Amino acid sequence: MVFSRKKIVIKPEYQLRLALTFFISIIMYSLILGLIIFYPLYSALNAAATIEEQARISTMVLFLHQRVWLGFFAVAALAAVHVIFSSHRVVGPMYRFEKAVEELKNGNYGLRIRIRKRDEFKDMEVLLNGLAESLELKRNRSMQFHFDVRTRLETISALLEAEGAEYPEDVKRLTQGLINEINSRASTV
């Protein structure tokens, strides 16, 4: 089964802020590039000796103004859109990991997560699934241990409450065995 996300913008506050940051950065870089392109032309325009030379340089400056700024804006907008799509491969898995950690905190140790093949953080998927498996195994062992202890305590209680109990050695042996098992479990935790 192929796992795919239905939404591109998973965490709008993060993804849109990231896109805006990239957009503004590219606009700033474009302004610097524009200064590098146009400053020499304006200097040449001011230094031009003839009107024909000024007209030629002015025509070139106007031609560049008509194309360069629109191009810079278009590149910035495309970069912002690209960031949203690119961040999808990072934000999606992180969102899934956050939800998985919440589930683990709530005791759902049977949880296993899958992220898409081309998403980032595949190693984190393995680690979280390993953690969930380990927690589930420990919970199951703990539940079995508690069940065994309860059963043994019920047996001891039944022996103590039985009329004419003649088995104090059995009660001592069962009690000591239970204490030993509890101590050995406590030292492995």
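The values are calculated or read from the model by the stated rules, or taken from the named source; none is laboratory data. Bear in mind that the values here come from a model prediction, so they are computed numbers and not experimental data. As a convention, Cβ positions derive from the backbone with ideal geometry for all residues, glycine included, and neighbour counts pool all protein chains shown.
Show the residue pairs meeting these rules: Cβ distance below 8 Å; 6+ apart or different chains; first residue within the range 41-57 and closer than 22 Å to VAL68 by Cβ; second residue outside any helix (DSSP H, G or I) and of a type in the set (A, V, I, L, M).
Cβ pairs passing all conditions: GLN54/ALA48; ILE57/ALA48.
Restricting attention to the range 121-154, which residues are under 16 Å from the mean Cα position of the chain (by Cα), surrounded by 15 or more Cβ atoms within 10 Å (Cβ to Cβ) and among the charged types (D, E, K, R)?
GLU125 - this is the single residue of the range 121-154 that is under 16 Å from the mean Cα position of the chain (by Cα), surrounded by 15 or more Cβ atoms within 10 Å (Cβ to Cβ) and among the charged types (D, E, K, R).
If the requirement is being polar (S, T, N, Q), modelled with pLDDT under 90, out of contact with any helix residue (DSSP H, G or I) (no Cβ under 9 Å at 6 or more places or on another chain) and more than 30 Å from SER87 (Cβ to Cβ), which of these qualifies: THR175, THR151, THR155?
On inspection, the qualifying residue turns out to be THR151.
Given the residues VAL68, VAL75, VAL61, which is the only one that is assigned to a helix (DSSP H, G or I) and either on the phi > 0 side of the Ramachandran plot or in contact with a Gly (Cβ under 7 Å, 6 or more places away or on another chain) (or both)? Explain how you work it out, then say what you get.
Values: VAL75 fails: either on the phi > 0 side of the Ramachandran plot or in contact with a Gly (Cβ under 7 Å, 6 or more places away or on another chain) (or both); VAL61 fails: either on the phi > 0 side of the Ramachandran plot or in contact with a Gly (Cβ under 7 Å, 6 or more places away or on another chain) (or both).
Within the list VAL68, VAL75, VAL61, the selection yields VAL68.
Which one of ARG116, ARG89 is in contact with a Phe, Trp or Tyr (Cβ under 7 Å, 6 or more places away or on another chain), surrounded by 12 or more Cβ atoms within 10 Å (Cβ to Cβ), within 23 Å of LEU18 (Cβ to Cβ) and modelled with pLDDT under 90?
ARG116
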